[in-house]
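Trainee: Below you will find the structure I want to go over with you.
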Amino acid sequence: MSRPRKDPRAERQARAVPGQRPRYDLARRPETPGGRPRHDPRVEIARARVPGGARLRLDRTQHAGSSPSVAIGAMSATPPASTTLLAAPTPRVVAEPAFLVFAVADAPDGRLTGHDRQVLGGARLLADADGGAVVLLAPPLVDDAGAAGADRLLALPSLGYAPETLAAALLAEIAARAPRHILFPESPDGGDLARRVAVSLGEPLFADVEQLSARTAIRPTGGRRREQAGAPPRLMTLGEGRVAPHLGDPHEARTIDPCEPTETTPGILRAEAVPADPATVSLADARFVVSAGNGITDFTSFKHLAAALGATPGASRVVCDAGLMPRAAQVGASGTVLDADCYFALGIAGAPQHLQGIAGCEHVVAVNTDLHAAMVERAELSIIADAQAVMPALLRLLAEGGA
Amino acid sequence: MKITVLLSPGLHPLSGKPVLPRLEAQAIALGKSLGGVLSGLAAASCPDGVADALGHGLAQLDLIATTEGEDPMPLLAAALAEDGPKLVLAGRRSQGGEESGLVPYALAKALGLGVVADAVAIEPGTEPGTLSILQALPKGARRRVVARLPMVVTVHPAAPPALPYAYGAARRGTLRARRVQAAPGAPDAAPGLFEERAYRKRPKLMRGAGTGGSAAERLRAATEAGGAGGRVLTDLSPEQAARTILDHLAGLGILR
Ligand SMILES: Cc1cc2nc3c(=O)[nH]c(=O)nc-3n(C[C@H](O)[C@H](O)[C@H](O)COP(=O)(O)OP(=O)(O)OC[C@H]3O[C@@H](n4cnc5c(N)ncnc54)[C@H](O)[C@@H]3O)c2cc1C
Ligand SMILES: Nc1ncnc2c1ncn2[C@@H]1O[C@H](COP(=O)(O)O)[C@@H](O)[C@H]1O
């Protein structure tokens, strides 16, 4: 019983704000007796932190740009040049690489996919251990290849779907530049390209690598009952979600000129993309899901809405249990775990079992009458409104837009 | 049209017993839907598993006997060169063995055929001597590819399901032992380069999860909303709400 007893009345009185009404400033800290400001190590570290980079880097020289506590006296005259330097770090340059690592990206419509970025991250692991450089081979990009970790950028021909020509172009680059490793994504197109290149080179392919470091590569065999491990070989395909993308400083991404590919007579005459039909695609494959919960009573409108939005319909368990939607539409832990880009929840509370099903969705939009629903907390855009009224409004607007 | 389905000796993922890989049973169904003369070709050390193909609707299966661990590629290439089929159907990956998916590509290279991967439907093309193949892409998207025969087509798991196993069909089908003259396959490039061992499960990186911080922080980053929730709008009329939602979805590029 050695702790001093608290006296709540006295404490409250100490925080009283003078005036006619009784007002208390509860946020005010009692004055420190010595008058010296207290150290707050967390705040100091946060101020000294150098932005950018995966590793924690601290600049303790007190020159750090914009922190208010430093901006007193002489420090306020910091030249603006250093702040711009901090904002855009100069790209790392590997001028004389000891060897090259090729990273081949799918990059449909010029954007690097998450899987492509992981392949670049894997290529960086292999290159950085020994002073090599990463060459990104992709169709012409709109994305920043340097930030994704490429030292060189080599544009492959983009002719729609022409894997045979693409493989011939890659083979010419491999013959000309003799890379130490060639890394592909184990995606439908990337895996196809990798196998074409492997058989043309007559070299083995270490397919679907699950773990990659500069010293070892591991891949499963025998239906994931066995695995092969060894030093990373020349040709590899990397499984999705196995290596983290490059998060460090940007690299130079200098464009280099492709060499002249050999002529091929393609067996593939033409190809045409057939977009997924949201009405028939399975929930696990869907790109955009609109889901109904217990807050929805008008399921005819809901089905019209899903069709008009071009979304795959889903539902919470309560709705499926009631037989209002088929069981196959259930989203969640005991239903389907989604892989969608966008999830639109109408009248769903957001129980943990339901949120598990949408953990992988990048964008969530919610309509709910309850401001405090868990789904509203999860969503990036929440509308607090009656979903029954919003549905017809959405349908009207979509019909106007379509007309 | 002469069609050959490549059947590999598969192992069941759980029991490890010999089975016919499901993908190759689906390839049989796909070949049958196309019409023509369908036969099977397998290089295996015993007929267990691959012989089930007869029950799944294949009328004839040629079996090339191999020794355990022998490279089937030169044998298959020699047999296919003898038969000269117009279309070779294979699985996209084998099951239970190496699972590298290289065999169809290596055969196509050896025989000078084209390859189209991941088919879910095949039909004759509008021009003679071509096929129109529906290819499976991620997220339910498809691609229609027109390619010139002869070619190798690999089958995707999203293809129509296999025909159910029928005992009568299995009894009626013929299993032929086949002998081919082939140059011995190239010896394993570097035996013992890779260590073979029991599989260890490795969790995938979670989408959106950070790489720093403690395990609890990473879990929170992966399962919670991005940062401190999003935009919350109250007191909108249904029209305003609908307009806001559609603008937001269009901004994300979700609405077509
Ligand atoms: C073992 C187990 C497994 C489960 N698995 C799953 C699963 O896989 N998937 C799943 O979904 N659930 C699952 N559940 C059930 C889960 O716990 C919840 O009960 C369920 O998700 C709640 O569904 P709901 O949000 O639609 O309904 P409610 O909890 O009733 O929420 C309805 C929401 O709608 C709002 N609302 C009401 N009227 C309106 C209106 N007019 N306009 C707008 N909003 C309105 C309310 O404010 C409320 O937030 C599981 C439960 C258990 C025990
Ligand atoms: N020994 C074999 N005999 C016949 N076909 C095979 C054999 N090995 C592989 N294949 C075919 O090639 C496909 C891919 O096999 P793999 O390259 O081993 O992953 C399989 O689905 C089969 O169709």
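The values are calculated or read from the model by the stated rules, or taken from the named source; none is laboratory data. Values in this document were obtained by computation on a predicted structure and should not be read as measured data. Note: ideal-geometry Cβ built from the backbone for every residue, glycine included; neighbour counts use all protein chains shown.
Trainee: Considering each residue of the range A:223-241, count those that are at the interface with chain B (Cβ under 10 Å from one of its Cβ atoms) and farther than 30 Å from residue B:141 by Cβ, and give that number.
Mentor: So the count comes out to 8.
Trainee: Which of the following residues is surrounded by 19 or more Cβ atoms within 10 Å (Cβ to Cβ), at pLDDT 85 or above, in contact with a Phe, Trp or Tyr (Cβ under 6 Å, 6 or more places away or on another chain) and not assigned by TED's automatic domain parsing to the domain that holds residue A:341: A:134, A:104?
Mentor: Result: A:104 is the single residue among A:134, A:104 that is surrounded by 19 or more Cβ atoms within 10 Å (Cβ to Cβ), at pLDDT 85 or above, in contact with a Phe, Trp or Tyr (Cβ under 6 Å, 6 or more places away or on another chain) and not assigned by TED's automatic domain parsing to the domain that holds residue A:341.
Trainee: Would you check if residue A:255 is modelled with pLDDT of 90 or more and surrounded by 14 or more Cβ atoms within 10 Å (Cβ to Cβ)?
Mentor: No.
Trainee: What do you reckon, is residue A:348 among the hydrophobic types (A, V, I, L, M, F, W, C) and either within 7 Å of ligand 1 (Cβ to nearest atom) or part of a helix (DSSP H, G or I) (or both)?
Mentor: It is true that residue A:348 is among the hydrophobic types (A, V, I, L, M, F, W, C) and either within 7 Å of ligand 1 (Cβ to nearest atom) or part of a helix (DSSP H, G or I) (or both).
Trainee: Next up: Please find, among A:2, A:67, the residue that is of a type in the set (S, T, N, Q), in a loop (DSSP other than H, G, I, E, B) and either under 30 Å from residue A:148 (Cβ atoms) or at pLDDT below 50 (or both).
Mentor: Answer to the selection: A:67.
This table checks each residue for (1) away from ligand 2 (no atom under 16 Å from the Cβ); (2) out of contact with any helix residue (DSSP H, G or I) (no Cβ under 7 Å at 6 or more places or on another chain); (3) of a type in the set (Phe, Trp, Tyr); (4) within 14 Å of chain B (Cβ to nearest Cβ).
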{"residue": "A:292", "(1), (2), (3), (4)": "yes, no, no, no"}
{"residue": "A:303", "(1), (2), (3), (4)": "yes, yes, no, no"}
{"residue": "A:311", "(1), (2), (3), (4)": "yes, yes, no, yes"}
{"residue": "A:320", "(1), (2), (3), (4)": "yes, no, no, no"}
{"residue": "A:330", "(1), (2), (3), (4)": "yes, no, no, no"}
{"residue": "A:333", "(1), (2), (3), (4)": "yes, no, no, yes"}
{"residue": "A:343", "(1), (2), (3), (4)": "yes, yes, yes, yes"}
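Trainee: Only one of A:240, A:252, A:272 is touching a residue at least 40 places away in the same chain (Cβ under 8 Å), of a type in the set (D, E, K, R) and over 21 Å from residue A:133 (Cα atoms). Can you tell me which?
Mentor: A:240
Trainee: Going by the conditions given, is residue A:339 more than 7 Å from ligand 1 (Cβ to nearest atom) and under 19 Å from residue B:138 (Cβ atoms)?
Mentor: Considered against the rule, which asks whether it is more than 7 Å from ligand 1 (Cβ to nearest atom) and under 19 Å from residue B:138 (Cβ atoms), residue A:339 comes out as yes.
Trainee: Among the listed residues B:166, B:170, which satisfies the condition of being in contact with a helix residue (DSSP H, G or I) (Cβ under 7 Å, 6 or more places away or on another chain), away from every other protein chain (no Cβ under 14 Å) and at pLDDT 90 or above?
Mentor: When all the criteria are applied, what remains is B:170.
Trainee: May I pose another question? Taking the criterion of being farther than 17 Å from residue B:3 by Cα and not aliphatic (A, V, I, L, M), would at least one residue in the range B:33-42 satisfy it?
Mentor: No, there is no match, as no residue in the range B:33-42 is farther than 17 Å from residue B:3 by Cα and not aliphatic (A, V, I, L, M).
Trainee: Has the range B:112-128 got any residue that is at the interface with chain A (Cβ under 7 Å from one of its Cβ atoms) and more than 15 Å from ligand 2 (Cβ to nearest atom)?
Mentor: Checked the range B:112-128: at least one residue is at the interface with chain A (Cβ under 7 Å from one of its Cβ atoms) and more than 15 Å from ligand 2 (Cβ to nearest atom).
Trainee: Please tell me if residue B:44 is touching a helix residue (DSSP H, G or I) at 6+ places or on another chain (Cβ under 6 Å), aliphatic (A, V, I, L, M) and at pLDDT below 95.
Mentor: yes
Listed here are the residues, each with its yes/no results for (1) buried (at least 23 other Cβ atoms within 10 Å of the Cβ); (2) under 24 Å from residue A:276 (Cα atoms).
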{"site": "A:320", "(1), (2)": "no, no"}
{"site": "A:339", "(1), (2)": "no, yes"}
{"site": "A:347", "(1), (2)": "yes, no"}
{"site": "A:365", "(1), (2)": "yes, yes"}
{"site": "A:393", "(1), (2)": "no, no"}
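Trainee: Which of the residues belonging to the range A:199-222 are within 7 Å of another protein chain (Cβ to nearest Cβ) and part of a strand (DSSP E or B)?
Mentor: A:207, A:211, A:220, A:221
Trainee: Then there's this: Within the range A:374-391, can one find any residue that is in contact with a strand residue (DSSP E or B) (Cβ under 8 Å, 6 or more places away or on another chain) and among the basic types (Lys, Arg)?
Mentor: Yes, that holds for at least one residue.
Trainee: Which one of A:266, A:278 is at the interface with chain B (Cβ under 9 Å from one of its Cβ atoms) and free of Cβ contacts under 8 Å to residues at least 60 places away in the same chain?
Mentor: Criteria check complete, one pass: A:278.
Trainee: Further question: Please work out which residue is nearest to the other protein chains (Cβ to nearest Cβ), limiting yourself to the range B:53-76 and to residues that are surrounded by 21 or more Cβ atoms within 10 Å (Cβ to Cβ) and either within 16 Å of ligand 1 (Cβ to nearest atom) or assigned to a helix (DSSP H, G or I) (or both).
Mentor: So, considering only residues that are surrounded by 21 or more Cβ atoms within 10 Å (Cβ to Cβ) and either within 16 Å of ligand 1 (Cβ to nearest atom) or assigned to a helix (DSSP H, G or I) (or both), the one nearest to the other protein chains (Cβ to nearest Cβ) is B:76.
Trainee: Being more than 7 Å from ligand 1 (Cβ to nearest atom) and charged (D, E, K, R) is the filter here, so list the residues in the range A:351-380 that pass it.
Mentor: Across the range A:351-380, the qualifying residues are A:362, A:377, A:378, A:380.
Trainee: Also: Which of (1) over 17 Å from residue A:222 (Cβ atoms); (2) surrounded by 21 or more Cβ atoms within 10 Å (Cβ to Cβ) does residue B:21 not meet, given it meets every other one?
Mentor: (1)
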